[in-house]
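Structure first, commentary second.
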Amino acid sequence: MNSTPRSALVPIAGFGVPPKRIFSVCVLLLLTFSFSAHAQKLSLVGGTVINPADGKTIENAVLVIDGEKIESVASRREAGVPVGSKWIDCEGKFILPGYMDTHVHFFQSGDLFTRPDVVDLTKIRPYRDEVAWVKSHLSDVFARYLRSGITSVVDVGGPFWNFEVRKVANSTPKAPRVAVAGPLISSVSRPQLDLGDPPIVKIDTPDQAREFVRKLAAQNPDLVKIWYIVDQDHPVDSFRPIVRATVEESHGRKLRVAVHATELETARAAVEEGADVLVHSVIDKEVDDRFVQLLKQKHTILCPTLVVFERYGRTFANKLNLAPEEKAWGNPEVIASLDVTKLPQDQLPDRIKTALANPEASLDRIKKTYDVALKNLKTLEDAGVIIAAGTDAGNIGTIHGPALFREFQLMKEAGLTPMQILQCATANAAKLFGGDIGARLGSIGKGNFADLVILKSSPVEDIGRASDIDTVVKSGALYPVDQLLKSPQ
Ligand SMILES: [Zn+2]
């Protein structure tokens with residue numbers, strides 16, 4: 001997992017120099033590229049370019065970067081020898097579009113205190129302190145995404161502060177591109193999260209929904225988000241007119257609508273009303289053919305977020321199964337907080353107490369969820385529904401950045417091939433990102449943003465190698481990965 005010195009990533013110009021010297025020249029040059037990325041064209045020479053958008057690979061490729069865009073990509077035979085640009089030897093390396101996580105929440109840290117509406121631990125850590133921590137660690141979170149090869153993310157719901165996050169990310173080189181939704185239009189309220197700029201807003205009438213969409217539209221959101229929560233007190237049909245009004249008002253303003261709907265009938269209602277994106281899997285029952293055809297016909301994008309379905313339960317039951325990447329690249333403070341056995345015993349919320357008393361019951365519930373969700377993912381993928389990879393990072397136990405690699409494992413368990421998984425995390429994810437920027441993300445081609453991940457081994461046979469990252473390229477700037485989590489920006 002730890003990156004090795006990138007002695008193989010030697011500028012061709014360095015040949016003939018003693019090996020030790022080559023290494024230091026190489027590091028020096030790479031550092032220079034990081035800080036003066038737009039000064040000169042760069043050519044990545046000799047690597048294998050993998051483009052999941054069409055499943056094609058180009059061996060011994062020349063990929064030329066001009067400023068923040070890709071100028072050209074071709075096999076070395078066709079491209080010839082690049083002239084007038086800095087060369088970077090990528091022989092033995094694999095170059096892919098940067099990964100994208102299309103379901104994250106920046107207002108949540110992933111630690112144990114980030115959802116006081118789920119488990120109230122505010123006596124141990126007031127929510128105000130949690131929010132202050134989140135706001136002061138934005139650059140840290142951004143760097144962890146890049147370290148994980150993730151060059152774009154979609155925040156599908158949070159406070160109005162989310163629009164500030166997008167602005168900060170846009171002006172921070174060492175950050176992923178960020179698309180955002182604002183506060184969630186919801187059937188239920190969550191007062192525990194309301195410190196004056198709530199992430200979740202209860203909407204009771206279609207008129208209120210229209211008014212709220214107009215308020216959101218002033219911030220130019222990338223998506224409008226609906227939290228379509230259904231229970232005994234909130235049946236599918238009672239909130240449906242609000243979904244309809246939200247979609248109408250949003251589409252009238254050329255805004256897309258993303259909906260949280262985890263039951264089959266809720267998801268069906270959402271898509272029938274015009275939802276552009278479903279932000280989770282259906283987990284209550286197997287999808288039927290009518291649902292599959294509906295998604296295909298409407299070109300609805302579905303983001304499975306498999307990892308989040310295990311993380312609340314496993315954290316509370318003290319059975320957390322963080323992937324090696326999460327342990328290595330997740331925020332250590334966040335990870336340390338997730339040990340529920342360290343909590344004062346007399347302050348354990350009931351939900352954690354119950355889970356600790358019977359961890360097998362939690363694991364069993366997770367297994368039942370996956371029995372349905374993984375099968376549904378395979379059905380939808382086989383049918384040609386657009387699946388975009390995403391994690392729901394920021395929720396308790398779902399680690400910003402490297403949680404995507406656990407998501408990849410689960411997608412593999414569902415039966416997706418490595419190339420399909422990579423397509424979900426690049427080309428399909430770019431469709432969910434949307435807009436003029438999304439149109440230039442997710443595939444390697446002329447005119448697209450030079451957002452790339454350079455791997456030391458090929459993920460095409462084994463998706464586990466997707467995290468074998470050597471260098472991340474964002475907007476044409478190269479970042480050797482072992483420097484991403486060290487230096488301040
Ligand atoms: Zn979410």
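Residues that are away from the ligand (no atom under 16 Å from the Cβ) and either buried (at least 23 other Cβ atoms within 10 Å of the Cβ) or at pLDDT below 95 (or both) within the stretch 277-290 comprise just one, Val287. Only residues that are surrounded by 22 or more Cβ atoms within 10 Å (Cβ to Cβ) and away from the ligand (no atom under 16 Å from the Cβ) were counted across the stretch 250-275, and they come to 1.
Conditions (1) within 19 Å of Lys431 (Cα to Cα); (2) buried (at least 23 other Cβ atoms within 10 Å of the Cβ); (3) in contact with an Asp or Glu (Cβ under 9 Å, 6 or more places away or on another chain); (4) without any contact (Cβ under 8 Å) to a residue 12 or more places away in the chain, marked per residue:
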residue: Tyr370; (1), (2), (3), (4): no, no, yes, no
residue: Thr379; (1), (2), (3), (4): no, no, yes, no
residue: Ala388; (1), (2), (3), (4): yes, yes, no, no
residue: Thr391; (1), (2), (3), (4): yes, yes, yes, no
residue: Gly394; (1), (2), (3), (4): no, yes, yes, no
residue: Gly401; (1), (2), (3), (4): no, yes, yes, no
residue: Arg406; (1), (2), (3), (4): no, yes, yes, no
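When Val236 is tested against (1) surrounded by 24 or more Cβ atoms within 10 Å (Cβ to Cβ); (2) among the hydrophobic types (A, V, I, L, M, F, W, C); (3) at pLDDT below 95, exactly one condition is not met: (1). Scoring Ala143 on the criteria (1) outside any loop (DSSP other than H, G, I, E, B); (2) within 16 Å of the ligand (Cβ to nearest atom); (3) touching a Leu at 6+ places or on another chain (Cβ under 6 Å) leaves a single failure, condition (2). Taken together, the residues in the stretch 423-447 that are free of Cβ contacts under 8 Å to residues at least 60 places away in the same chain and either open to solvent by less than 50 Å² (accessible area, probe 1.4 Å) or in contact with a His (Cβ under 7 Å, 6 or more places away or on another chain) (or both) amount to 1. Scanning the stretch 313-332 for residues that are open to solvent by 10 Å² or more (accessible area, probe 1.4 Å) and aliphatic (A, V, I, L, M) yields a total of 3. When Leu404, Leu374, Leu410, Leu478 are checked against the criterion of being at pLDDT 95 or above and farther than 30 Å from Ser337 by Cβ, Leu478 stands alone in meeting it. The residues listed here are Ala328, Ala336; of these, the one that is assigned to a helix (DSSP H, G or I) and within 24 Å of Gly149 (Cβ to Cβ) is Ala328. Would you check if there is a residue in the stretch 150-161 being closer than 18 Å to Lys215 by Cα, more than 14 Å from the chain's Cα centre (by Cα) and open to solvent by less than 20 Å² (accessible area, probe 1.4 Å)? Yes, because at least one residue in the stretch 150-161 is closer than 18 Å to Lys215 by Cα, more than 14 Å from the chain's Cα centre (by Cα) and open to solvent by less than 20 Å² (accessible area, probe 1.4 Å).
For the stretch 295-312, enumerate the residues that are open to solvent by 10 Å² or more (accessible area, probe 1.4 Å) and away from the ligand (no atom under 16 Å from the Cβ). Selection gives Lys296, Gln297, Lys298, His299. Within the stretch 408-417, restricting attention to residues that are out of contact with any Ser or Thr (no Cβ under 9 Å at 6 or more places or on another chain) and in contact (Cβ under 8 Å) with a residue 24 or more places away in the chain, the residue that is farthest from the ligand (Cβ to nearest atom) is Gly415.
The residues of the stretch 453-471 that are touching a strand residue (DSSP E or B) at 6+ places or on another chain (Cβ under 6 Å), in contact (Cβ under 8 Å) with a residue 40 or more places away in the chain and part of a loop (DSSP other than H, G, I, E, B), listed by number, are Lys456, Ser458.
When Leu193 is tested against the conditions (1) in contact with a Phe, Trp or Tyr (Cβ under 6 Å, 6 or more places away or on another chain); (2) touching a residue at least 40 places away in the same chain (Cβ under 8 Å), the lone failure is (1).
Could we say that Ala383 is closer than 30 Å to Val292 by Cα and within 16 Å of the ligand (Cβ to nearest atom) here? Considered against the rule, which asks whether it is closer than 30 Å to Val292 by Cα and within 16 Å of the ligand (Cβ to nearest atom), Ala383 comes out as no.
One residue stands out in the stretch 394-404 among those that are under 10 Å from the mean Cα position of the chain (by Cα) and more than 15 Å from Asp140 (Cα to Cα): the one that is farthest from the ligand (Cβ to nearest atom), namely Leu404.
Consider the stretch 184-203 and keep the residues that are under 23 Å from the mean Cα position of the chain (by Cα) and under 16 Å from Val243 (Cβ atoms). The one that is surrounded by the most Cβ atoms within 10 Å (Cβ to Cβ) is Ile185. The set of residues from the stretch 119-135 being open to solvent by 30 Å² or more (accessible area, probe 1.4 Å) and either within 18 Å of Phe163 (Cβ to Cβ) or within 16 Å of the ligand (Cβ to nearest atom) (or both) comprises Val131, Lys135.
Considering the stretch 204-231, the residues that are open to solvent by less than 10 Å² (accessible area, probe 1.4 Å) and among the hydrophobic types (A, V, I, L, M, F, W, C) include one that is farthest from Met100 (Cα to Cα), namely Ala209.
The values are calculated or read from the model by the stated rules, or taken from the named source; none is laboratory data. If you're wondering where the values come from, they're calculated on a predicted model, not measured in any experiment. A quick note on method: Cβ atoms are made from the backbone with ideal geometry, for glycine too, and the neighbour counts reach across all protein chains shown. Areas reflect the complete protein model, heavy atoms only, side chains present, ligands, DNA and RNA absent. Shrake-Rupley method; radii C 1.70, N 1.55, O 1.52, S 1.80 Å.
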